[in-house]
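Below is one structure, written out as structure tokens; the observations come after it.
The values are calculated or read from the model by the stated rules, or taken from the named source; none is laboratory data. All figures in this text were calculated on a predicted structure; none of them were measured in a lab. Cβ atoms come from the backbone with ideal geometry, glycine included; neighbour counts cover every protein chain shown. The accessibility values were calculated without ligands, DNA or RNA, using every heavy atom of the protein model including side chains. Shrake-Rupley method; radii C 1.70, N 1.55, O 1.52, S 1.80 Å.
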Amino acid sequence: MSFNLQDLELPFLTRNNSMWRMIEPELNRQLEEIKTPSDFINSLHKEVQLLIPSGDCSIQNVARKLGISSRTLQRNLAQAGTTFKVELQSVQKKMALHFSNDLNLTTDEISYLLGYSEVSSFTRAFRKWTGMTLNQYRKKLI
């Protein structure tokens, strides 16, 4: 069972104990999943990976997809000893390394797929991650 965030914010008009007993175990399970830092980070990475190509991978959108507030997302990340920016770049790096194996993809295309608005920003990030340009990295793979 899943709910839209907007629906969860609406007040209950009636109390339904039998319905509550039915959904409470699943809600508790999901809360426990969020409480475990590694599970939370994995869930975050999945959502970030899905949102990056859209170019709208903001902390607000990721939090909404996870069904939590932006502030709760930030608190959970702080508890795990990380930040949204660090995790976003981690996912972008993994995706960049994966896409660089496909020699049919150009630097421009990879940059676009990773949500960069400018190729130069992607090339700087790639050099920071790997210590080399995309072409140098690809030559090393061959």
Within a Gaussian network of the chain (alpha carbon springs, distance under 10 Å), most fluctuating of Gln92, Gln60, Gln79: Gln79
Rounded to whole Hz, the Karplus (6.51, -1.76, 1.60) HN-Hα couplings of region 97-107, x for glycine and proline: 5, 5, 5, 5, 6, 8, 5, 7, 7, 7, 4
For region 57-67, Karplus couplings with θ = phi - 60° (6.51, -1.76, 1.60), whole Hz, Gly/Pro x: 9, 8, 4, 5, 5, 5, 4, 4, 5, 7, x
Dipole of the chain, positive direction: furthest Cα of Thr82, Met22, Trp129, with charges on the beta-carbon: Trp129
Karplus-derived 3J(HN,Hα), 6.51/-1.76/1.60, for each residue of region 125-140, Hz, glycine and proline x: 5, 5, 5, 5, 6, 10, x, 8, 6, 4, 5, 4, 5, 5, 4, 5
Average accessible surface area per residue within region 61-142, 1.4 Å rolling probe, Å²: 61 Å²
Percent accessible area from carbon and sulfur atoms, the chain, protein chains only, probe 1.4 Å: 53 percent
Loop-located GluC sites (Glu not before Pro) in region 55-142 whose Cβ has at most 14 other Cβ within 10 Å (DSSP): Glu118
Angle between the chain longest axis and helix 70-79 axis [Cα atoms, degrees, rounded to 10]: 70 degrees
Shape category assigned to the chain from the gyration tensor of Cα positions, a/c cut at 1.5: prolate
Lysine pairs meeting the criterion (Cα under 27 Å, 8 or more apart or interchain), as found in the chain: 24
